[in-house]
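Student: This is the structure, below, for whatever I ask next.
The values are calculated or read from the model by the stated rules, or taken from the named source; none is laboratory data. Predicted, not measured: the structure shown is a model, and the values here were computed from it. Note that we place each Cβ from the backbone using ideal geometry, even for glycine, and neighbour counts take in every protein chain shown.
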Amino acid sequence: MMFVQIFKGRRCQLRSGLAICARNHPTSLTYSMRIPIIAEFREASKVMTHINNIRENLRDIIPRSVNDYPLKKPKDILLQQLLLVGKETLKWSLLALYVFSSVSDVIYSLSKNKELMIPFGLFVGYAIANFLMQASQELFPASEERGFSRHLLGIGCFFALIKIISASFAVPDQIFLLNAANGGLMQVLWRWKSSTEKQHREQDTSMQEDTSTP
């Protein structure tokens, strides 16, 4: 038995207890969905226009001296200060580690009754460190100022490697190598301290010049 029911522009047929509905106007739903999308797009355009107008008004209200203020200078100064703090922290950490290991090496040398190896090894390490520094400056003269810290880092790693190998393995002349590494590291740290102090003075001078310039 078939029943036909018309409800709000839809024709429904009931067949075997199932309702089958067919739309009279299939394009009406698509058209009705486009209207809110277009309205939302227009509202978004109005909001963006309003924001741009507010920004232009604020730019006119704010004094020109504030708009033209160089924001990069404080950022550069802050970055330089952070680098200085990092270098100082690294320097003092390495210095504390060097002092602790040197004292332990001296105690070990005294326990082995080889006191004379302490000054002899320190002098040899000091001489080798000076030779390596002069050789690196002669081989790389163009990078003498900026690359001097790298040279010191490489020489320091060399002596640190000797110290680690001598302390970890039972190598011949272990006490001499430990004290020689201590002498080389002592010279590297001293030259690094002088180099960082020079850089601090130069950076302070440049920062004073930057702040004094209008």
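Student: Does segment 69-82 include one or more residues that are under 29 Å from the mean Cα position of the chain (by Cα), of a type in the set (Phe, Trp, Tyr) and modelled with pLDDT under 65?
Tutor: Applying the first criterion (under 29 Å from the mean Cα position of the chain (by Cα)) to segment 69-82 yields 69-82.
Subsequent filtering for residues that are of a type in the set (Phe, Trp, Tyr) retains 69.
Next cut, modelled with pLDDT under 65 only: 69.
Yes, segment 69-82 contains at least one residue that is under 29 Å from the mean Cα position of the chain (by Cα), of a type in the set (Phe, Trp, Tyr) and modelled with pLDDT under 65.
Student: Also, quick follow-up: Quick one: count up the residues across segment 151-186 that are within 30 Å of the chain's Cα centre (by Cα) and under 17 Å from Ala135 (Cβ atoms).
Tutor: Summing the residues that are within 30 Å of the chain's Cα centre (by Cα) and under 17 Å from Ala135 (Cβ atoms) in segment 151-186 gives 9.
Student: Does segment 172-194 hold any residues that are in contact with a Leu (Cβ under 7 Å, 6 or more places away or on another chain) and over 18 Å from Val124 (Cα atoms), and which are they?
Tutor: Trp192
Student: Another question about this same structure. Would you say Gln174 is in contact with a Ser or Thr (Cβ under 8 Å, 6 or more places away or on another chain), over 30 Å from Leu78 (Cα atoms), modelled with pLDDT under 90 and not basic (Lys, Arg)? If you could, list the steps in order and put the result at the bottom.
Tutor: On the way: in contact with a Ser or Thr (Cβ under 8 Å, 6 or more places away or on another chain): yes; over 30 Å from Leu78 (Cα atoms): yes; modelled with pLDDT under 90: yes; not basic (Lys, Arg): yes.
Yes, satisfied.
Student: Considering only residues of segment 138-159 that are in contact with a helix residue (DSSP H, G or I) (Cβ under 7 Å, 6 or more places away or on another chain) and not in a loop (DSSP other than H, G, I, E, B), which is modelled with the highest pLDDT?
Tutor: So, considering only residues that are in contact with a helix residue (DSSP H, G or I) (Cβ under 7 Å, 6 or more places away or on another chain) and not in a loop (DSSP other than H, G, I, E, B), the one modelled with the highest pLDDT is Phe159.
Student: Another one. If you go through segment 191-213 one residue at a time, do you hit one that is in a helix (DSSP H, G or I), under 34 Å from the mean Cα position of the chain (by Cα), at pLDDT 90 or above and crowded, with 18+ Cβ neighbours inside 10 Å?
Tutor: No, every residue in segment 191-213 fails to be in a helix (DSSP H, G or I), under 34 Å from the mean Cα position of the chain (by Cα), at pLDDT 90 or above and crowded, with 18+ Cβ neighbours inside 10 Å.
Student: Find all pairs meeting these conditions: Cβ atoms under 7 angstrom apart; at least six residues apart or on different chains; first residue within segment 93-119 and assigned by TED's automatic domain parsing to the domain that holds Asn179; second residue of a type outside the set (A, V, I, L, M) and not in a helix (DSSP H, G or I).
Tutor: Going by the 7 Å Cβ cut-off, the qualifying pairs are Ser109/Glu115.
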